[in-house]
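Comments concern the structure below.
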Amino acid sequence: GPHQLPCDILPNDPTPVCEWKDPEMLRDLLDLELGDSSEPHEKLLQLCRDVARFSVKTNHPRFFNQLFAGLDHHALVGRFLSDSLNTSQYTYEVGPVFVLMEEVVLTKLRAVIGWNSGDGIFCPGGSISTMYAMNLARYRAFPEVKVRGLWSLPRLALFTSQECHYSVKKSACFLGIGLENVQLVDGIFPFMVSATSGSTVFGAFDPLDEIADVCQKYQLWFHVDAAWGGSVLLSKKHRHLMTGIDRADSVAWNPHKMMMAGLQCSAFLLKDTSNLLKLCHSANATYLFQQDKFYDISYDTGDKSIQCGRKVDCLKLWLMWKARGTRGMEERVDRAFAYTRYLMDEMKKREGFQLLLEPQFVNICFWYIPPSLRGQQGQEGYEEKLSKVAPIVKERMIKKGSMMVSYQPRGSQVNFFRMVVINPQITREDLDFFLDEIESLASDL
Amino acid sequence: MDSPSADIHLSPVTKNAVLVDGVVLNGPTLDSKSGEKFVEEAFPLIMEEAVRKATNVNEKVCEWQPPDALKQLLDLELREEGESHQQILQRCQDVIKYSVKTGHPRFFNQLYAGLDHYSLVARFITEALNPSVYTYEVSPVFLLIEEVVLKKMMEYVGWEKGGDGIFCPGGSVSNMYAVNVARYKHCPNIKDEGLSGLPRLVMFASEECHYSISKAAAFLGIGMKNVYAVSSDDRGKMIPEELEKQVQRAKKEGAVPFLVCATAGTTVFGAFDPLQEIADVCKKHHLWLHVDASWGGSALMSRKHRHLLSGIHRADSVAWNPHKMLMAGLQCCAFLMKDRTGLLQMCHSAQASYLFQKDKFYDVSCDTGDKSIQCSRRSDAFKFWFMWKAIGTRGLEGRVNRALALARYLAEEIKKKEGFRLLLEPEYANVCFWYIPPSLRNMPEGPEFWKRLHQVAPAIKERMMKKGSMMIGYQPHRCQVNFFRQIVISPQVSREDMDFVLKEIEALGVDM
């Protein structure tokens, strides 16, 4: 039969999403100075209260501002544990449990992708996962680059969509490839394509099978930035959005986003089984990766990383997964999609809400057109006036503390809202409130 | 019904259930009550097992299991269904049991150790709030705190006018920032055009430097062979005259020197490069001076020992990891720059319009996220700030002084004790020594002697780990055979623990 979902009365939550103070005022309120002597116990507790009070409540059901939100209690305990145990992931010697655990979690993520073998590592953020992909792709094409650098190589280029995350650009700069070489340029050596599954603003999914065909034909490393969209793979109903993902060479997937594992939790996964990751990055430091240890040193995976000390990021995901099961994780994804559809349907019923496009995922991009502007599209000054609506509504909602949702311009499109539905604590009331609140905050515009 | 960890409470609903896309939408799925209950029960477990016992000298440092056995014991597999409340609590217990207790007074294995309770509380708060430090909008408090901490650290470096900086996910990444910014300063076009076709850039570091310098060169497309290793003296310090020679050599080759990385507190010996002389060379040749003070930077907190970094104010950039000697908790790594022209921002920015909108209602210069190579970024400064508030500068200074005093004590004891031999006098908290078991003591020190001595440390290490009595690292280094590297950090370490180190090694190695 159908699952019984836990139901609960959610009282009107009196906690604001944020308690806005502008920077100067906040500096004064917080007593930030670091002094010579220790502060008394009571003062320290008060500092804790103040820090919590003036921080944005990203766990709040009405925090819709970023591609992460919500709180999973099991992941939270996992994080408390990781912090208490305070060790590094580099060797079995100092992190035995976590070395084994990371491998199990990565194996599971690979299985969800459709790979029954492969390699991978947790990175401090999806941007760095992108850098790993770029570095590996480069290394595979030109292994000598590790030792000799880019000087004698032909100019390398990589391809990505305009909707890609900006970390692709930052990566190209950081790795010495250069911003100009992200795209198609004459007289260069293409080595990589980075496709996006779940783009940052629209939540769009690139057609992976077709892109894989191109990569196969031209022998390009096929990386899929699924930092945001990867979690759809957990849903039997929605994983079709990433059909072809198993043809990728590497995938970035951030469980700290839709899966709410807590920052940072960013997996970099690859299909390769030739130890490419380690060959590409290793420096064989003898003070850390001794060859004569008394246990099987293949468990010391630290040399695969560009980092030395590396925080344990697998425990929070593992503990949460143990508590929820794959099915529990799937339910959350399906639920987020369902709520998105609900919100979209409600939006369409209301005047003033104009969708930019039909969402593929859980990003809903829309303009709110206040009454005074309705019916004036095409008239002079319309775009400019419309572009001012979102920033003002945003300012008002933050100062009120009622909710947070982000806005941005895009190309010739003026400021629009990007609503993101993640948190399983969200109710239909919250979504109805969302629409009511925007209407209310913009009513006089 | 027998439901896993989401202990279900059925209660009246406020709205009629709706079916959307096959999903019943009715109230929150995440049952906060049972989740909070889990946290409340897990917390005392964490306090007892992962904090109290884990820092208790009467408990074991580690509960050794070989990998295959540990896999069986932990039952790591992730399955379709979730597990019960009790099972998950048991899992927490098992994770703690088989984890190495890096907060234990006898964990001397790495360049981090110990447990500061204030930092821990701050870390718990950070986790609960789960901020990302890219914009003031989303993390106002943590951004301001990071700013204050960076500024304070720069005061200790000696930059009176201040500078710029950011917290990085590790010292290795801080070193990469240095290379990237130095390269950008040298030739800003590289950001757009890349390195291909340009004259070869060369960087310099001592042969004792941390391996992240090599990894940085590889990652950034410069190439490991373009890190020229400068010889060090018998105390592990870079020889400035050799640096000059290497720079000249690079120029003769037609390459372009652009950066020198000096190390303040090397990984193995804890040696400090002579910063004033190195700064002179850099000034002469217009090279960016980066000081990797990831390990040794904390000596700056001590009025007694800060002379070790004399000249550091002349650096262009500094890496300093409070998660090491100051016990701030992984990760806590600052990258500091003297520059005040916005170089860091210019070097890294991509100006993503979905995150760094120009028309926000507050001063957008507060949004520092575009200085970073990361997008979302953890708040790593807060735990350091809170600990500093709790202990004060004097308290932090006291810790550094005490650690170094204990290291000195151990070194002196080693000199008095038969069978122990120091490699060199420690300047910092690294005590490097051999244990020479009785059977080797009368042997002439030829190849056979060294070959057998090389096997002593690994064997003793195995024994100490299986016993769980302490953990000390060992390594070969250059032409030296395996020796122990004892690291003193935690204020919970006592003189008795130092005596124990020597007694225990003797006991474990008596039959060798």
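The values are calculated or read from the model by the stated rules, or taken from the named source; none is laboratory data. What you see is a predicted model; the values in this text were computed from it and never measured. Cβ sites come from the backbone with ideal geometry, for glycine too, and all protein chains shown count toward neighbours.
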Could you count how many residues in the stretch B:97-117 are within 7 Å of chain A (Cβ to nearest Cβ) and either among the basic types (Lys, Arg) or in a helix (DSSP H, G or I) (or both)? 1
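For (1) modelled with pLDDT of 95 or more; (2) under 26 Å from A:Met259 (Cα atoms); (3) crowded, with 24+ Cβ neighbours inside 10 Å, each residue gets a yes or a no:
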{"site": "B:Glu77", "(1), (2), (3)": "yes, yes, no"}
{"site": "B:Lys97", "(1), (2), (3)": "yes, no, no"}
{"site": "B:His104", "(1), (2), (3)": "yes, no, yes"}
{"site": "B:Phe108", "(1), (2), (3)": "yes, no, yes"}
{"site": "B:Tyr112", "(1), (2), (3)": "yes, no, yes"}
{"site": "B:Val121", "(1), (2), (3)": "yes, yes, no"}
{"site": "B:Val148", "(1), (2), (3)": "yes, no, no"}
{"site": "B:Met176", "(1), (2), (3)": "yes, no, yes"}
{"site": "B:Val179", "(1), (2), (3)": "yes, no, yes"}
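Listed here are the residues, each with its yes/no results for (1) within 27 Å of A:Ala141 (Cβ to Cβ); (2) surrounded by fewer than 24 Cβ atoms within 10 Å (Cβ to Cβ).
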| residue | (1), (2) |
| --- | --- |
| A:Val232 | no, no |
| A:Ser235 | no, yes |
| A:Arg239 | no, yes |
| A:Arg247 | yes, yes |
| A:Met259 | no, no |
| A:Cys265 | no, no |
| A:Asp272 | yes, yes |
| A:Asn275 | yes, yes |
| A:Gln291 | no, yes |
For the stretch A:427-445, give me the residue count where each residue is within 30 Å of A:Glu330 (Cα to Cα) and touching a Gly at 6+ places or on another chain (Cβ under 8 Å). 1
Condition set crowded, with 20+ Cβ neighbours inside 10 Å and modelled with pLDDT of 90 or more, scope the stretch B:344-366, selection nearest to A:Ser171 (Cα to Cα): answer is B:His348
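Against the definition (within 14 Å of chain A (Cβ to nearest Cβ), more than 24 Å from the chain's Cα centre (by Cα) and not aliphatic (A, V, I, L, M)), how does B:Gln455 come out, yes or no? Write out each step before concluding.
Values: within 14 Å of chain A (Cβ to nearest Cβ): yes; more than 24 Å from the chain's Cα centre (by Cα): yes; not aliphatic (A, V, I, L, M): yes.
Criteria met by B:Gln455.
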Filter the stretch B:73-96 down to residues that are outside any helix (DSSP H, G or I) and more than 8 Å from chain A (Cβ to nearest Cβ) and give me whichever is farthest from B:Ser294 (Cα to Cα). B:Ser84
Looking at B:Arg452, B:Arg421, B:Arg485 in this structure, which one is out of contact with any Pro (no Cβ under 6 Å at 6 or more places or on another chain), part of a strand (DSSP E or B) and surrounded by fewer than 17 Cβ atoms within 10 Å (Cβ to Cβ)? B:Arg421
Have a look at A:Gly203, A:Gly198, A:Gly178 and point out the one that is in contact with a strand residue (DSSP E or B) (Cβ under 6 Å, 6 or more places away or on another chain) and of a type in the set (Gly, Ala, Ser). A:Gly203
Which residues, taken from the stretch A:73-93, are polar (S, T, N, Q), more than 22 Å from the chain's Cα centre (by Cα) and either assigned to a helix (DSSP H, G or I) or within 7 Å of chain B (Cβ to nearest Cβ) (or both)? A:Ser84, A:Asn86, A:Thr87, A:Ser88
The condition of being more than 7 Å from every other protein chain (Cβ to nearest Cβ), in contact (Cβ under 8 Å) with a residue 12 or more places away in the chain and either crowded, with 19+ Cβ neighbours inside 10 Å or touching a His at 6+ places or on another chain (Cβ under 8 Å) (or both) holds, among A:Gly203, A:Gly149, only for A:Gly203
Within the stretch A:344-359, take every residue that is free of Cβ contacts under 8 Å to residues at least 24 places away in the same chain and under 19 Å from B:Asp21 (Cβ atoms) and give me the one that is surrounded by the fewest Cβ atoms within 10 Å (Cβ to Cβ). A:Glu358
Filtering the stretch B:432-449 down to residues that are assigned to a strand (DSSP E or B) and either free of Cβ contacts under 8 Å to residues at least 24 places away in the same chain or touching a helix residue (DSSP H, G or I) at 6+ places or on another chain (Cβ under 9 Å) (or both) yields B:Phe433, B:Trp434, B:Tyr435
Is it the case that B:Val39 is out of contact with any strand residue (DSSP E or B) (no Cβ under 7 Å at 6 or more places or on another chain), within 28 Å of A:His60 (Cα to Cα), facing chain A (nearest Cβ under 7 Å) and modelled with pLDDT under 95? no
Among the numbered conditions (1) free of Cβ contacts under 8 Å to residues at least 60 places away in the same chain; (2) surrounded by fewer than 18 Cβ atoms within 10 Å (Cβ to Cβ), tell me where A:Val193 comes up short. (2)
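Which of the following residues is more than 7 Å from every other protein chain (Cβ to nearest Cβ), buried (at least 22 other Cβ atoms within 10 Å of the Cβ) and at pLDDT below 95: A:Leu158, A:Leu136?
Numbers: A:Leu136 fails: at pLDDT below 95.
That would be A:Leu158, the only listed residue that is more than 7 Å from every other protein chain (Cβ to nearest Cβ), buried (at least 22 other Cβ atoms within 10 Å of the Cβ) and at pLDDT below 95.
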Those helices (runs of 4 or more DSSP H) completely within the stretch B:138-204 that have 3 or more residues that are under 23 Å from the mean Cα position of the chain (by Cα) are B:140-157, B:171-186
Looking at the structure I just gave you, is B:Glu412 over 30 Å from A:Trp228 (Cβ atoms), away from chain A (no Cβ under 14 Å) and assigned to a loop (DSSP other than H, G, I, E, B)? no
Of those in the stretch A:329-381 that are hydroxyl-bearing (Ser, Thr, Tyr) and within 10 Å of chain B (Cβ to nearest Cβ), the residue nearest to A:Val405 (Cα to Cα) is A:Thr340
With criteria (1) away from chain A (no Cβ under 14 Å); (2) without any contact (Cβ under 8 Å) to a residue 12 or more places away in the chain; (3) surrounded by fewer than 15 Cβ atoms within 10 Å (Cβ to Cβ), B:Cys479 comes up short on (1)
How many of the residues making up the stretch B:324-340 are more than 28 Å from B:Arg123 (Cα to Cα) and either of a type in the set (A, V, I, L, M, F, W, C) or at pLDDT below 95 (or both)? 0
Residue among B:Ser212, B:Ser172, B:Ser196, B:Ser206 that alone is in the same structural domain as B:Ser317 (by TED's automatic domain parsing), touching a Gly at 6+ places or on another chain (Cβ under 9 Å) and at pLDDT below 95: B:Ser196
Sort out which residues of the stretch B:79-95 are without any contact (Cβ under 8 Å) to a residue 24 or more places away in the chain and either crowded, with 19+ Cβ neighbours inside 10 Å or in the same structural domain as B:Ser490 (by TED's automatic domain parsing) (or both), and write them in order of number. B:Arg91, B:Val95
Of all residues in the stretch B:55-74, how many are of a type in the set (Asp, Glu), surrounded by 14 or more Cβ atoms within 10 Å (Cβ to Cβ) and over 27 Å from the mean Cα position of the chain (by Cα)? 0
Condition check: facing another protein chain (nearest Cβ under 7 Å) and surrounded by fewer than 24 Cβ atoms within 10 Å (Cβ to Cβ). Does B:Arg200 satisfy that? yes
Is at least one residue of the stretch A:183-198 in a loop (DSSP other than H, G, I, E, B) and closer than 28 Å to A:Phe64 by Cα? yes
